[in-house]
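Okay, so here's the structure we're looking at.
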Amino acid sequence: MPGSIKIDDGSGNYTILTNAGSLGSDKTITIPNETGTLATTTAKDLGGLVLLQSHTASSSSAFSLQNFVDTSLYSHYEIIQRNLKGSSDAASYYFYMLDSSNSPLTGTYTSSGFYASGDAASSGTYDNISSTNYSRIQGTFGTGTREGFNFIKHTFFPSTDTPNTVLEQSERLTHTSQQQTRIGTHIFDSATLATGLYYYPSTGNISSGNCYVYGVKI
């Protein structure tokens, strides 16, 4: 692939290497001992986003994302779900956290955030939301045309000194055909470190959709 490499000598002076260039005896480039394409591989030392898991729903009861947490390698995690369609209209979408044995973390989940509509004068906040043994993603499935559900979650499971935290942003056409954006926070305050997540609809199945788990390299 054509291009060039710029090497800084530490004082802001650059040596530009072209295809025919040479490093010379006093310059070194270190390349990680990994193979693969950035953000599409399970290689651990490529930097940036590393794809850890991918799942495809087909009349599935849930997405079970197990044991993807490694705090020695990743600062946090990006959970992306796209084109989700449910088998039951107006079903809520829930999740709970998993421990290292893939058992549910039980107790009180809390959430708060705000929403706004793109096609109506509708917006607001929600707070002091608590549920036992699960948290509700602030959106509902729709079975109609273009009522697929998309969202991204920034997930922090850093240590027992801070709570397990999920930051969510979702874009959707609701089951009542309203365009809506929501941003929220979900917290499970426990000394037990979460190592996975489990997503499921309140009724019916996930008819179709994709789920991707990325680690953000430290």
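What follows draws every value from the coordinates through simple rules; no lab data is involved. Everything numeric in this text was worked out from a predicted model, so none of it was measured. For neighbour counting, all protein chains shown are included, and Cβ atoms are generated from backbone atoms with ideal geometry for every residue, glycine included.
Once label points are set 7 Å from the Cα along Cα→Cβ at both R82 and S131, what is their separation, rounded to one decimal in nm?
Label at R82, label at S131, 2.5 nm between them.
Quick check: net charge around A57, other residues with Cβ under 12 Å of its Cβ, Lys/Arg +1 and Asp/Glu -1? Mind showing how you got there, number by number?
Values: positive: R82, K85; negative: none.
Net charge in that neighbourhood comes out at +2.
Quick query: amide H of A62 versus all other amide H atoms, modeled in the peptide plane; which residues come in under 5 Å with a sequence gap of 5 or more or a different chain?
HN-HN under 5 Å from A62: I206.
Around T110, with a cut-off of 10 angstrom between Cβ atoms, what is the net charge of the other residues, counting Lys and Arg +1 and Asp and Glu -1? Can you show the working numbers first?
Details: positive: none; negative: D127, D189.
With Lys, Arg at +1 and Asp, Glu at -1, the net is -2.
Order of 161-168, 113-120, 147-154 by packing, highest average Cβ count within 10 Å first?
147-154, 161-168, 113-120
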